[in-house]
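Remarks on the structure that follows.
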Amino acid sequence: MTLPDPHTKKDPREASTQRASRNFSIALLYVLAFLSGVSQTFGLTSSLAELVSSVLFVSAVTSAAVADSRVRRFAFLRVLQELFFFTWPIASLIYLVRTRGWRGLGWWCLHAIGLFLAMCFSFLAAFVALY
């Protein structure tokens, strides 16, 4: 009697679903950065709105890392996910360098610049629309 090989490849649709989940989380980061810039322009800076947007942003970063770890078949323990949630700026850098080598530093810098530019562009566009 032969047992199924545990190392056989899984359904390719599963990997594409995980990639789509990762890409959706990254796109959500840019949408949240854009909305943050717009809300700052219109003065919608209540403490509750800032708290909700911060939690959404951190959740998107964490879910992108978890989805990426599944695509790359990298073990991401539940405890590490919770630690990642609370230390996301440095944890995201460490994760990218660990999974991609020094290219991860480049990806981290590109996304940091991209998020900053998305926020600045939305701030500028909303400011021009107002005045």
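The values are calculated or read from the model by the stated rules, or taken from the named source; none is laboratory data. Since we're looking at a predicted model, the values are computed, not measured. For neighbour counting, all protein chains shown are included, and Cβ atoms are generated from backbone atoms with ideal geometry for every residue, glycine included.
Couple of notes before you dig in:
- When residues of region 99-128 are limited to those that are of a type outside the set (Val, Ile, Thr) and in contact with a Lys or Arg (Cβ under 8 Å, 6 or more places away or on another chain), the one farthest from PHE74 (Cα to Cα): TRP107
- Conditions (1) of a type in the set (D, E, K, R); (2) at pLDDT 85 or above; (3) out of contact with any helix residue (DSSP H, G or I) (no Cβ under 8 Å at 6 or more places or on another chain): number failed by ASP11: (2)
- Subset of region 26-81 [among the acidic types (Asp, Glu) and over 21 Å from GLY104 (Cα atoms)]: GLU50
So that you can scan it fast, the table gives a plain yes or no per residue for (1) surrounded by 15 or more Cβ atoms within 10 Å (Cβ to Cβ); (2) of a type in the set (Gly, Ala, Ser):
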site	(1), (2)
VAL31	no, no
ALA64	yes, yes
ALA75	no, yes
PRO89	no, no
SER92	yes, yes
THR99	yes, no
ARG103	no, no
GLY106	no, yes
ALA126	yes, yes
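- Among residues of region 26-37 that are closer than 16 Å to ALA125 by Cβ, those with a beta-carbon under 6 Å from a residue that is buried (at least 17 other Cβ atoms within 10 Å of the Cβ) and aliphatic (A, V, I, L, M) at least six positions away or on a different chain give the pairs TYR30/ALA118; ALA33/LEU115; ALA33/ALA118; ALA33/MET119; PHE34/ALA118; SER36/MET119; GLY37/MET119.
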